[in-house]
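Engineer: Quick one: structure below, then a few questions.
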Amino acid sequence: MIENIDSLKELLTQPRKITITAHQRPDGDAMGSTLALSEYLSQFGHEIKVILPTEYPFYFEWMPGAKDAWVYPEHKEAADEWIKSSDLICCLDFNTLSRIEPMDAIVKEAEKPILLLDHHLQPDTFEWMLHDVKACSTCELVHRFINLFDAQAKITEECAQCIYTGILTDTGGFSNGATNKAAFDIVADLMDRGLDILYVQQGLNQNKTESRLRFLGNALLNEMVVNHELGIAFVVVNRKDAKKYNLQTGDTEGLVNYPLSIKGIEMSVLIKEEKSITKLSFRSKGDINVNEFARVHFEGGGHKNAAGGKSIYPPKWLINKITELVKKSKN
């Protein structure tokens, strides 16, 4: 439930100027939730602009409204003016403003009321918040918000496509620990409203490049390290391969999940070299809490079975360090 929802409803009784944003390098849930909320609120005559802090993967371009979204660095001057003149800023799929660098500074400076919809741990406090760590996705919370906002809510086919995208991707196709009953209930509701699930599946899964497929093959063949004794596996994405396969934003999405399909592997780590930092993605099964692991050791966090982190050290060092930490914890 949203505290003081009546004041939010009152704000939105008249057409307003609204900014909607999500975290850096937006994934399916970030894209789905922002575009779904934009599609829904636009029915009431509001002026809405989705502004993303960094570019999004090209394979989300099929989504309704995606091509109209602004990537902040490409539209900085206009985006700054829009944010400063907004009546409301909607923050989706992140828990703290540092997750929207480099546009966090202008959002703080604008001092506009903020609506947060999110399912990550330890959120900052804002004027209106719909926060639930048990939600399968932020898109679940968008669906919940729409129904809280208006019991007779009209969810268009386009809005349904966006919500389904977020639920589908954040639950790993209804296969990971985030999957809950609400995920299935919402999809059933969306299908009643005209959702074509095959259309969304094609947009998400049959829209990639040949070079990405060849990159995945190389990564799993030559850059995967498996420790059966400890039940942990690593996949490394180095700068050399990133250049060779011309990797684009989102091309490593989902790669961290592949090693979990190996019998006995309970934790998977993607180690990605970037220009001045090494990014880490953690996935796990069952009771293995990678959120805590990432938070304590790698300045990160996320969910119990899915988290991220960062380090200044190279992949080989990180493989040895993480192996040592896992071994110590098991002992």
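Only the coordinates and a few stated rules stand behind these numbers; no lab work does. Keep in mind that what you see is a predicted model, and the values were worked out from it rather than measured. Cβ atoms come from the backbone with ideal geometry, glycine included; neighbour counts cover every protein chain shown.
Engineer: Using Cβ contacts closer than 10 Å as the measure, can you line up V142, V326 from fewest to most? Each step should come with its number before you reach the end.
Structural biologist: Values: V142 32, V326 19.
So the ranking, lowest neighbour count to highest, is V326, V142.
Engineer: Which whole-Hz ³J(HN,Hα) couplings does the stretch 212-227 yield from phi under the Karplus relation 6.51 cos²θ - 1.76 cosθ + 1.60, θ = phi - 60°, glycine and proline marked x?
Structural biologist: Once rounded to whole Hz, the list reads 5, 5, 5, 4, 4, x, 5, 4, 6, 7, 10, 10, 9, 10, 10, 10.
Engineer: What ³J(HN,Hα) values, in whole Hz, does the Karplus curve 6.51 cos²θ - 1.76 cosθ + 1.60 give for the stretch 11-19 when θ = phi - 60°, with x put for Gly and Pro?
Structural biologist: Per-residue couplings from phi come out as 4, 8, 5, 10, x, 10, 9, 10, 9 Hz.
Engineer: While we're looking at this one, here's another question. Rounded, prolate or oblate: which one fits the stretch 149-209, using the alpha carbon gyration tensor with axes a ≥ b ≥ c (rounded when a/c is under 1.5, else prolate when a/b beats b/c, else oblate)?
Structural biologist: Details: a/c = 2.35, a/b = 1.28, b/c = 1.84.
Oblate is the answer for the stretch 149-209, as a/c is 1.5 or above yet b/c matches or exceeds a/b.
Engineer: Quick one: check the C-alpha center-to-center distance for the stretch 272-331 versus the stretch 44-69, whole angstrom.
Structural biologist: 31 Å
Engineer: Sum -39500 (n - 2.57) across every DSSP H segment of at least 4 residues in the chain, then divide by the residue count to get the 222 nm mean residue ellipticity, nearest 500. Numbers along the way, then the final one.
Structural biologist: Details: 12 runs with 127 residues, N = 331.
After summing the helix terms and dividing by the residues of the chain, the value is -11500 deg cm²/dmol.
Engineer: Considering only Cα-Cα distances, which of the following residue pairs are longer than 24 Å: K240/K316; K17/K310; K112/K310; K263/K327?
Structural biologist: Details: K240/K316 15 Å; K17/K310 36 Å; K112/K310 31 Å; K263/K327 19 Å.
Check vs 24 Å cut-off fails for K17/K310; K112/K310.
Engineer: Using θ = phi - 60° and the Karplus form 6.51 cos²θ - 1.76 cosθ + 1.60, what ³J(HN,Hα) does each residue of the stretch 262-269 get, whole Hz, x for Gly and Pro?
Structural biologist: Ordered by residue, 3J(HN,Hα) equals 7, 4, x, 8, 10, 9, 10, 10 Hz.
Engineer: Which ordering of M191, M224, M129, M267 is given by a fewest-first count of other beta-carbon atoms within 10 Å?
Structural biologist: M191, M224, M129, M267
Engineer: Right, another one. Amide H of M129 versus every other amide H placed in the peptide plane: which residues, excluding those fewer than 5 positions away on the same chain, fall under 5 Å?
Structural biologist: Under 5 Å from the amide H of M129 lie the amide H atoms of E3, L116, each far enough along the sequence or on another chain.
Engineer: Something else: Let me make sure I get this right: for the stretch 176-316, a, b and c are the square roots of the gyration tensor eigenvalues over alpha carbons, sorted descending. Under 1.5 in a/c it's rounded, otherwise prolate if a/b > b/c, else oblate. Which is it? Don't skip to the answer; put the middle values down first.
Structural biologist: Numbers: a/c = 1.90, a/b = 1.29, b/c = 1.47.
Cα axes put the stretch 176-316 in the oblate bin.
Engineer: Taking neighbour Cβ counts within 10 Å as the exposure measure, how do W128, W317 sort from fewest upward?
Structural biologist: Values: W128 19, W317 13.
So the residues, fewest neighbours to most, are W317, W128.
Engineer: May I pose another question? For the chain, what is the percent of antiparallel DSSP beta bridges, rounded to the nearest 5?
Structural biologist: Values: 19 of 44 bridges.
Antiparallel bridges make up about 45 percent of those DSSP assigns within the chain.
Engineer: Check cross-link reach from K154 to the lysines: straight Cα distance under 18 Å, and skip same-chain residues fewer than eight apart.
Structural biologist: Partners within reach: K9.
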